[in-house]
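The next block holds one structure in the form of structure tokens; read it before the comments.
Values in this text are rule-based calculations from the coordinates and carry no lab data. Since this is a predicted model, take the numbers as computed values, not measurements. Quick reminder, even Gly has a Cβ in these numbers, built from the backbone with ideal geometry, and neighbours come from all protein chains shown.
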Amino acid sequence: MRNDIFPEHFLWGGAIAANQVEGAYLEDGKGLTIVDLLPTGEKRRGFMKGNIPSLAPLEGEFYPAHEAIDFYHRYKEDIALFAEMGFKVLRVSIAWSRIFPTGEDQAPNEAGLKFYDDLFDELIQNGIQPVVTLAHFDVPVYLIEQYGSWRSRKLVDLFETYAKTVFTRYKDKVKYWMTFNEINMLLHLPFLGAGLVFKEGENQKQIQYQAAHHQLVASALAVKSCHEIIPDAKIGCMLAAGTFYPYTCNPEDVYKAMEKDRESYFFIDVQSRGEYPAYAKRFFEDNNLEIKMEPGDAKILKSHTVDYIGFSYYSSRTTSTDPEVIKNMTSGNVFGSIANPYVSKSEWGWTIDPKGFRITANQLYDRYQKPLFVVENGLGAIDEVTVDGEINDDYRIDYLKRHITEMGQAIQDGVKIIGYTSWGPIDIVSASSGEMKKRYGYIYVDRDNEGNGSLTRIKKKSFHWYKNVIESNGQTVESGSLSRL
Ligand code: BGP
């Protein structure tokens with residue numbers, strides 16, 4: 001690969017989220033948030049979908065987010081390791097319930113604000129720019145109890161207050177922001193994505209799209225405040241991306257793949273183009289959905305579109321209209337995909353498709369013509385520590401190398417990509433399964449699924465490899481051998 005493909009100031013780094021790393025779940029005044037109610041084990045999936053029996057942690061269950069990897073107390077050690085790898089940026093999220101423990105407190109919680117001041121200072125002192133998501137699977141539980149979370153318009157105002165508070169406080173420290181992480185997750189795991197809990201017999205789709213409207217307005221208002229308070233900042237949206245392929249060239253399959261893509265693009269169409277897409281009207285009619293909008297909403301959406309498109313890419317997806325073919329789904333991917341015979345799968349059943357990354361990036365750029373920021377990509381895998389204390393994660397290096405190569409191809413295709421933050425540069429709690437053994441990191445964390453372990457950090461083989469990638473600006477020297485991609 002040529003060594004001049006990635007722009008000079010390309011933002012290499014990693015991405016983590018408060019809810020999966022911080023722990024300290026009730027420390028310094030923090031209120032409960034979504035993941036504090038998600039145990040490991042079989043119940044987790046139902047809870048994430050909004051079938052949750054109680055808005056308090058249950059006796060006898062293990063909640064991995066409560067301690068997570070204790071980033072709250074160990075962030076200095078972790079940042080030193082990120083700096084050693086040469087990170088230019090670290091994507092983090094702010095826990096809303098550290099700043100406003102109930103979500104509607106009169107004044108923000110100073111201890112929570114101070115934590116992020118210290119975190120951002122530490123990053124900046126280490127030469128790492130923070131990239132901050134306002135809401136990564138995060139709503140204060142009190143707002144879920146009081147208002148039913150994003151089903152209520154009330155959340156729009158409360159979110160605006162929260163956003164303005166953090167923009168004002170961190171305006172000199174943070175220049176890259178994002179509004180809602182994987183905003184389209186609201187359709188697939190509505191409790192995880194948006195704090196939605198359903199009662200028997202409710203029309204879930206109606207509630208989801210009304211909540212989506214509220215989030216879209218809140219997102220536009222956050223863009224507005226960000227531009228007013230920090231004129232030199234950039235603020236983006238964030239999509240769980242991954243193009244749908246038709247299983248065959250049967251036009252029925254091709255049409256279905258287009259519809260499946262639109263399910264996700266719907267959100268970004270609003271956030272980036274500033275209005276509901278043409279196809280939404282028919283979709284709402286066909287599904288008997290009535291979205292309540294306030295008179296000023298259309299103007300808010302139109303006037304405050306995002307500066308860039310942030311997205312995660314793990315897998316492409318495949319769909320079909322043939323009932324026989326549909327039986328062969330892959331497990332593990334919340335988006336539901338038919339097993340694609342041309343590509344491999346991870347240990348969790350997630351499709352591994354580097355070329356799909358190039359395809360997805362091209363499609364997003366064609367559609368929105370705004371800079372893209374790859375804010376998640378990576379392989380969740382089981383790592384073994386050898387008797388010498390080493391972790392030889394060649395499979396992870398292979399995955400990342402192939403994906404970074406395709407990202408380079410996309411850039412050569414003309415796609416403007418401003419940065420790449422791989423997911424979980426240090427092992428963290430898995431969002432979908434709550435497991436620790438599903439590891440993404442360059443840095444191993446000694447902790448297991450049950451919460452045992454010393455939390456010691458160990459560099460994996462991929463640590464040295466990724467350091468080389470950044471040092472060579474994507475020339476991607478393979479660790480040890482000096483052979484190029
Ligand atoms: C995305 C989320 C992340 C992250 C990642 C990997 O959906 O934005 O929070 O966890 O996927 O998923 P998992 O942790 O389930 O392997």
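Just a few scattered comments:
- Taking the average, over residues, of other Cβ atoms within 10 Å as the packing measure, peptides 370-378, 108-116 rank 370-378, 108-116 from highest down.
- Förster-model FRET efficiency, 51 Å R0, Asp446 and Glu160, C-beta, rounded to 0.05: 0.80
- Whether the stretch 260-326 is rounded, prolate or oblate, judged on the alpha carbon gyration tensor where a/c under 1.5 counts as rounded: oblate
- Legend: Rg and Dmax of the stretch 103-212, from Cα coordinates, 15.8, 53 Å.
- Oblate is the label for the stretch 232-365, because a/c, from the alpha-carbon gyration tensor with a ≥ b ≥ c as root eigenvalues, is 1.5 or above and a/b does not exceed b/c.
- Restricting the calculation to Cα atoms, every distinct pair contributes to the Kirkwood radius of the stretch 297-353, found to be 13.7 Å.
- Ordered from longest to shortest, the equivalent ellipsoid semi-axes for the stretch 368-485 are 28, 18, 10 Å, each the square root of 5 times a Cα gyration tensor eigenvalue.
- Around the Cα centre of the stretch 11-484, unit charges on the Cβ atoms of Lys, Arg, Asp and Glu (plus for the first two, minus for the last two) sum to a dipole of about 1160 debye.
- From its DSSP helices (H runs of at least four residues, each -39,500 (n - 2.57)), the chain gives a residue-normalised ellipticity at 222 nm of -11500 deg cm²/dmol.
- Cross-link pairs Lys281/Lys345; Lys49/Lys438; Lys173/Lys224 - those with Cα-Cα distance over 25 Å: Lys281/Lys345
- Around the amide H of Asn449, modelled in the peptide plane, lie the amide H atoms of Met436, Lys437, all under 5 Å away and 5 or more residues distant in sequence or on another chain.
- Of the cross-linked pairs Lys30/Lys370; Lys30/Lys164; Lys76/Lys175, those separated by over 27 Å at the C-alpha level are Lys30/Lys370.
- Here Asp118 and Glu202 are evaluated by their C-beta separation; at R0 = 41 Å the FRET efficiency comes out at 0.45.
- Positive contributions from Lys and Arg (+1) and negative ones from Asp and Glu (-1), summed over other residues with Cβ under 15 Å from the Cβ of Leu239, come out at 0.
- The chain: equivalent-ellipsoid semi-axes (sqrt of 5 x gyration tensor eigenvalues, Cα, Å): 30, 28, 24
- Separation between Cα centres of the stretch 102-179 and the stretch 35-88, rounded to whole Å: 18 Å
- The stretch 18-139 - Debye-derived log10 I(q)/I(0), Cα point model, q = 0.10, 0.17, 0.23 Å⁻¹: -0.34, -0.89, -1.33
- Lys/Arg +1, Asp/Glu -1 at C-beta; the stretch 11-484 dipole; positive extreme among Tyr116, Leu192, Met329: Met329
- The stretch 220-261 and the stretch 285-346 have Cα centres separated by 9 Å.
- Put simply, the amide H of Leu11, placed in the peptide plane, has neighbours under 5 Å in Gly419, Tyr420, leaving out anything fewer than 5 places away on its chain.
- Here the calculated FRET efficiency for Glu290 and Glu252, from their Cβ-Cβ distance with R0 = 22 Å, stands at 0.15, rounded to the nearest 0.05.
- Placing unit charges on the Cβ atoms of the charged side chains and taking the dipole of the chain about its Cα centre, the candidate lying farthest along the positive direction among Leu364, Val35, Thr319 is Leu364.
- Summarising the strand pairing of the stretch 11-484, around 20 percent of its internal DSSP beta bridges are antiparallel.
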